[in-house]
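The values are calculated or read from the model by the stated rules, or taken from the named source; none is laboratory data. All values reported here derive from a predicted model rather than from experimental measurement. So basically every Cβ, Gly included, is an ideal-geometry build from the backbone, and we count neighbours across all protein chains shown. With ligands, DNA and RNA removed, areas are computed over all heavy atoms of the protein, side chains included. Shrake-Rupley method; radii C 1.70, N 1.55, O 1.52, S 1.80 Å.
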Amino acid sequence: MTLASPKLAQLRPPYAGSRPEIIESVSPLRRYAGYLSDNDRWIRFEHRPGDVVISTPPKSGTTWTQMLCALMVFDGSQFPDKLDAISPWLDSNIRTEREVFATYARQDHQRFIKTHTPLDGLPMRDDVRYIVVARDPRDVFESWQNHRANIDREQQVQLIRDACASEGRPIPELPAELVAPTRAIEQFRTYVDAEATTDIAVNLANVLHHIDTGWQRRHEPNVTVFHFLDYQRDLVSEMKRLALFCGFDIAAERIAELAPAASLTSMRSRSAELIPEASMSDFWKDKDRFFRSAARGEWQTHFSAEDLAHYDRRARTLAGDDLFRWIHDESHDAGTTTE
């Protein structure tokens, strides 16, 4: 089922050229800072009207959404640079603030900006669009296990140290979970039971909180939510909804032509161009492994009925009934529908 707001027609300002008028957030930003990122950068970032902010928990469709935006912004599958160089993670500690800000400042197309910071940690502007993408948190866990096993940890640590040192910032401490891996079942139990933190650690409480910051604002004209499963089920329809929300000037027929380039098979064949940090050498052990072939619900064969029942109870205490049903695919009616 597709989602959109009847007020979207009001959100089509020009996005290139003049300096924007600053529109302050109504609420103070919640600070999210840790080993991987620090949202303090957003306070100094100069937005433009029409910017698109892609705000997702890790392993929830971030790169997929960036790819959909790139296909429509550039009206084709050939981009001017690698995807991570076009749409870098704005508040990541891997790159310096100067480098990331300069990348976005040079762009004269409609910008789509990556972050893993929840909406309560972003300066919400009326002239910027915000997209939150959700995925079943059990599938997030499975994907995260593959993701962190595939990272060259020494290279990641060195990149963060170099970036922090060049800016005179303290070097953040490596989280214990990344230093001493444990058995998958122990990691899953920790993932389920961990309390919410402000360092975007990947655990159930943080994932659900992030999604909820979009869910609670989904009826606002410049905020929307997407579900990973809907990308899998009907990518063309989701691209059309994305184009409408973002104000991309592209025909429906052209979207249907572009959609195959965002299939898993197609993106895997271009891993060297599309995965996060693709422009950084030796960041990944195996770049092709980023786009893994894993069936939805893989977790059902990995954990006991008792562990999964405990997950269910814990998730229900962290999410409202409507959000719980939607994120676990019991209902996808998240707002106003449109063709």
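Might you tell me the accessible area per residue for the range 74-183, computed with a 1.4 Å probe and given in Å²?
39
Per-residue accessible area for SER269 at 1.4 Å probe radius, Å² rounded to 10?
My reading of the accessible area for SER269 is about 90 Å².
Which order do ASP136, ASP249 take when ranked by solvent-accessible area (1.4 Å probe, heavy atoms of all protein chains), largest first?
Working: ASP136 5, ASP249 155 Å².
Per-residue accessible area, sorted high to low, gives ASP249, ASP136.
Given a Förster distance of 41 Å, report the FRET efficiency between GLN78 and ALA194 from their Cβ-Cβ distance, rounded to the nearest 0.05.
0.45
Would you list the P(r) distribution for the range 50-96, with all Cα-Cα distances sorted into 5 Å bins from 0 and each bin expressed as a whole %?
All Cα pairs considered, the percentages come to 5, 18, 30, 26, 15, 5, 0.
Can you list residues from other chains, or at least 5 along the same chain, whose modelled amide H is less than 5 Å from the amide H of ALA134?
Those qualifying (amide H under 5 Å, at least 5 residues apart or on another chain) are PHE226, HIS227, PHE228.
Can you send over the carbon and sulfur percentage of the accessible area for the range 32-77, probe radius 1.4 Å, protein chains only? Present the calculation step by step, with values, prior to reporting the outcome.
Values: 490 of 990 Å².
In the range 32-77, the share of accessible area belonging to carbon and sulfur is 50 percent.
Keeping all protein chains in the complex and leaving out DNA, RNA and ligands, what accessible area do you get for PHE101 with a 1.4 Å probe, in Å² to the nearest 10?
40
For the range 41-110, with only Lys/Arg (+1) and Asp/Glu (-1) charged at the beta-carbon, what is the dipole magnitude about the Cα centre, in debye rounded to 20?
For the range 41-110, the charge dipole is close to 180 debye.
Would you list the P(r) distribution for the range 48-157, with all Cα-Cα distances sorted into 10 Å bins from 0 and each bin expressed as a whole %?
Per 10 Å bin, starting at 0, the Cα pair percentages come out as 13, 42, 36, 9, 0.
Got a number for carbon plus sulfur as a percent of the range 111-245's accessible area, 1.4 Å probe?
In the range 111-245, the share of accessible area belonging to carbon and sulfur is 50 percent.
If you count only protein heavy atoms and use a 1.4 Å probe, how large is the accessible surface of TYR311, to the nearest 10 Å²?
0
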